[in-house]
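Asks: Can you keep this structure in mind? I'll have questions shortly.
The values are calculated or read from the model by the stated rules, or taken from the named source; none is laboratory data. Bear in mind the structure is a predicted one, so any value in this text is a computation, not a measurement. Cβ sites come from the backbone with ideal geometry, for glycine too, and all protein chains shown count toward neighbours. When the accessible area is computed, the model is the full protein with side chains, heavy atoms only, and any ligands, DNA or RNA have been set aside. Shrake-Rupley method; radii C 1.70, N 1.55, O 1.52, S 1.80 Å.
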Amino acid sequence: MAKHERMLRNDVDTILARIDDAVLQGSSSARLEDSSDRQIGTVRCAVRVYERFSMVGGNRVSLSLTAVGDGTETFVSAITSGGSQAVFFKINTMGEQAFLRYVVEAMDQLAAETSAS
């Protein structure tokens, strides 16, 4: 399992659009499996679950993304899972790290854009 969390100064929709593009364009086998959106007052919570085939591990890897935001203050958590073929312990998590890299790069871009403005 690999995880990356960060506070961003963007609204939830902007963040989701950027990450969705990064994940789906980053791997030809990636797809959005399901999503959930809820707003309570001014707080928005969005969950996305992506999956892709990992050539390295010869199996599927999932990425769960949660974004919770109030205006332009948004917390994003991305967690990958899968990619290991061992029964009792995890080996070969390179597929998870590679999948997470698309999200980290998108978040880096968003953070750079907001700090420049």
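Asks: Arrange the peptides 28-38, 1-11, 106-116, 59-69 so that the one whose residues have, on average, the most other Cβ atoms within 10 Å appears first. Write out the running numbers ahead of the final one.
Replies: On the way: 28-38: 12.2, 1-11: 15.6, 106-116: 13.7, 59-69: 19.5.
Peptide ranking by packing, descending: 59-69, 1-11, 106-116, 28-38.
Asks: In deg cm²/dmol, rounded to 500, what helix-only [θ] at 222 nm does the chain give when every DSSP H run of at least 4 residues adds -39500 (n - 2.57) and the total is split over its residues? Each step should come with its number before you reach the end.
Replies: Values: 2 runs with 38 residues, N = 117.
Only helices count here, giving -11000 deg cm²/dmol.
Asks: Per residue, what accessible area does the range 21-62 have, given a 1.4 Å probe and all protein chains present, in Å²? Write down the numbers at each step before the final one.
Replies: Working: 2580 Å² over 42 residues.
Using a 1.4 Å probe on heavy atoms only, each residue of the range 21-62 averages 62 Å².
Asks: Oh, and also: Can you tell me, using C-alpha contacts under 8 Å and at least 6 residues apart, the relative contact order of the chain as a whole percent?
Replies: Details: 237 pairs, mean separation 37.0, N = 117.
Once normalised by length, the contact order is 32 percent.
Asks: Follow-up question, since we're still on this one. Please list, in order along the range 35-41, the HN-Hα scalar couplings obtained from phi with the Karplus expression 6.51 cos²θ - 1.76 cosθ + 1.60 (θ = phi - 60°), rounded to whole Hz, x for Gly and Pro.
Replies: 8, 8, 9, 8, 10, 10, x
Asks: Once the piece of chain linking Ser64 and Ser115 is laid out straight, how much longer is it, given 0.36 nm per residue of separation minus the C-alpha distance between them? Display every interim value, and only then the final one.
Replies: On the way: separation 51, 0.36 × 51 = 18.36 nm, distance 2.63 nm.
Fully extending the segment from Ser64 to Ser115 adds 15.7 nm.
Asks: Where does the chain land on Rg(C-alpha)/(2.2 N^0.38 Å)? Don't skip to the answer; put the middle values down first.
Replies: Working: Rg = 14.6 Å, N = 117, 2.2 N^0.38 = 13.4 Å.
In units of the globular-protein estimate, the chain measures up at 1.09.
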